[in-house]
Amino acid sequence: MKKFPLYLTGMLLMLYSVGAYSQGPKEGSLSYLWELMGNNYPMLTEKQARIEEFEYRKKELSTVALPQVQLQLQNSFGTFAGTNGAFFPIPGVFNVNGNVAEKPGVPGSTMNTFGSVLLDWKVSQFGKQQKMMEAAGYEIQEAQSNYEAARLSLRAKMTRTYLNLLYSQSGLSWADKNVLRVKEILDLSSSLAEAGLKPGADTALAAATYLQAMAQQEEWQGKYAAGQVNLKEFVPELNGELRLPLEVYRNIGLPDQSPDTVSTSHPFLQVLDKRFKYQQSQKKVLARKQMPSISLLAGLSARGTGINRDGRVHQNFASGFDNSAHNYLIGLGLSWNLTGLYIGSLEKKRARKQVDAAASQYQLQELQMNTALQAISSRISAQVKQVAKTKDALKKTLNAYDLYLSRYEAGLINLTDLLQIQALLQQVEKSNIEVCQELWSRLNTRAELSGDYSYLFNHLK
């Protein structure tokens, strides 16, 4: 019985610790937020829908090889006066076929029924359907490459927003530190003024500097809040504070080396490569389009009329099903659009130019991406040195500020000198934040150009 209160107390403590932990800051690594967003972003779902659309289109093309069967049924009322002569059949032909002469007192119209089942099976299109299926396959591959390219662009956009949030938080931390530093100067100047060691004007000057520092703090608080809202574009269900890797962001290490050339498997290049292959396949489709089609034709028909064999005519509704005649027809048919031979040659020339344009577009994209990758790599190498020198300058400026603060407290310098070194320290700290942000941004650009985000995912956690 004595163990029960201890057990209950232990359970309560465990539940409290779990609840306290769940209310703390949430994980805010870049890779975690990317996984949390998943594939539910509208741009990705739109690209996925395009892939499925082209897959259905390819399935539609596969049905072209199936026999086309048509069923026709009708029961009509009309005249049956026949006439000799030729005519051109057109869609929706109105044809009268009769050989019974009209007689006085005999109705000139009667019921007719007709039903038919027609089969048209294109047994040979000289490879036309095969080339169309091949083109549809490249169309699917292009849609898949578009999805991967959109996914990479979205990753770059989200990383840019994430880095801006880190920049805002780092700026807010810098502003908080600056407020505390200026508050220390204000308190010190007030104490020295009350002791009669410094003039009262020092207090007013320190108070003005303190208000200015607080105004900067408010500005950075607004930027940080806006950054959190912008991040919710990618993760709408994100609530509460995130545990951002601020120390890693401030103390960026030496980035790894990236290749000087863009891989041909890069999604941006793959989109253009698949488009080039699709245009090539379309050119082949147009070449096959000029070929004829051979079809297996078959038909069954049944026809009835209200005209008896003795010439009597009936007008009741059921009379159309009398005097029936059944027929069938089987044969091979060839259809060839001869005019299309000339039009097809123009289409092939147009398709050839589309292939040339797609090839040039691929070469241009590859050239631009390789140039941009080499340029960004050079900027990163130079900026790594800039970050290291800025950090050294920051350390020396901090030491100088501590010395100036001690000398002001000892009455060896005036407040103006101390505020000047404080402003210099503030500028160097801000410059350190700026160069770190620029370096991270260029690393994001390099990752987008190379298609490799492993460095950013491994370090921003």
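Values computed for the structure shown
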| read-out | value |
| --- | --- |
| Condition check for residue 209: surrounded by 13 or more Cβ atoms within 10 Å (Cβ to Cβ), farther than 30 Å from residue 391 by Cβ, modelled with pLDDT of 85 or more and among the hydroxyl-bearing types (Ser, Thr, Tyr) | no |
| Residue among 234, 276, 268 that is aromatic (Phe, Trp, Tyr) and assigned to a loop (DSSP other than H, G, I, E, B) | 234 |
| Selection from the stretch 351-376 of residues that are within 26 Å of residue 446 (Cβ to Cβ), out of contact with any Leu (no Cβ under 8 Å at 6 or more places or on another chain) and in contact (Cβ under 8 Å) with a residue 12 or more places away in the chain | 370, 374 |
| Selected residue (criterion: farthest from residue 242 (Cα to Cα)) from residues of the stretch 165-182 that are touching a residue at least 12 places away in the same chain (Cβ under 8 Å) and either touching a Ser or Thr at 6+ places or on another chain (Cβ under 6 Å) or open to solvent by 70 Å² or more (accessible area, probe 1.4 Å) (or both) | 182 |
| Flag if residue 287 is under 41 Å from the mean Cα position of the chain (by Cα) and either closer than 13 Å to residue 352 by Cα or in contact (Cβ under 8 Å) with a residue 24 or more places away in the chain (or both) | yes |
| Number of the condition not met by residue 255 [criteria: (1) crowded, with 21+ Cβ neighbours inside 10 Å; (2) in the same structural domain as residue 148 (by the TED database)] | (1) |
| Residue within the stretch 386-408 that is modelled with pLDDT under 95, under 30 Å from residue 269 (Cβ atoms), under 45 Å from the mean Cα position of the chain (by Cα) and assigned to a helix (DSSP H, G or I) present | no |
| Condition check for residue 272: in contact with a Phe, Trp or Tyr (Cβ under 6 Å, 6 or more places away or on another chain), in contact (Cβ under 8 Å) with a residue 60 or more places away in the chain and open to solvent by less than 40 Å² (accessible area, probe 1.4 Å) | yes |
| Cross-chain or 6+ apart pairs with Cβ under 9 Å, the stretch 292-303 first and of a type in the set (Lys, Arg), then open to solvent by less than 40 Å² (accessible area, probe 1.4 Å) and part of a strand (DSSP E or B) | 303/112; 303/113; 303/115; 303/116 |
| Residues of the stretch 264-309 classified as touching a helix residue (DSSP H, G or I) at 6+ places or on another chain (Cβ under 8 Å) and of a type in the set (Val, Ile, Thr), total | 4 |
| Near pairs, Cβ below 9 angstrom, 6+ apart or cross-chain, from the stretch 234-259 (among the aromatic types (Phe, Trp, Tyr)) to any residue that is open to solvent by less than 20 Å² (accessible area, probe 1.4 Å) and part of a loop (DSSP other than H, G, I, E, B) | 249/460 |
| Listing of helices (runs of 4 or more DSSP H) fully contained in the stretch 1-65 that carry 2 or more residues being at pLDDT 75 or above and surrounded by 11 or more Cβ atoms within 10 Å (Cβ to Cβ) | 30-37, 42-62 |
| Unique residue being open to solvent by 80 Å² or more (accessible area, probe 1.4 Å) and in contact with an Asp or Glu (Cβ under 8 Å, 6 or more places away or on another chain) when the list is 315, 374, 361 | 374 |
| Odd one out for residue 323, checked against (1) at pLDDT 80 or above; (2) open to solvent by less than 70 Å² (accessible area, probe 1.4 Å) | (1) |
| Selection within the stretch 377-393 - open to solvent by 60 Å² or more (accessible area, probe 1.4 Å), of a type in the set (Lys, Arg) and in contact (Cβ under 8 Å) with a residue 40 or more places away in the chain | 379 |
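The values are calculated or read from the model by the stated rules, or taken from the named source; none is laboratory data. Just so it is clear, the model here is predicted, and its values are computed rather than measured. Note that we place each Cβ from the backbone using ideal geometry, even for glycine, and neighbour counts take in every protein chain shown. Each accessible area value is taken on the protein alone, full model and side chains, heavy atoms only, with ligands, DNA and RNA left out. Shrake-Rupley method; radii C 1.70, N 1.55, O 1.52, S 1.80 Å.
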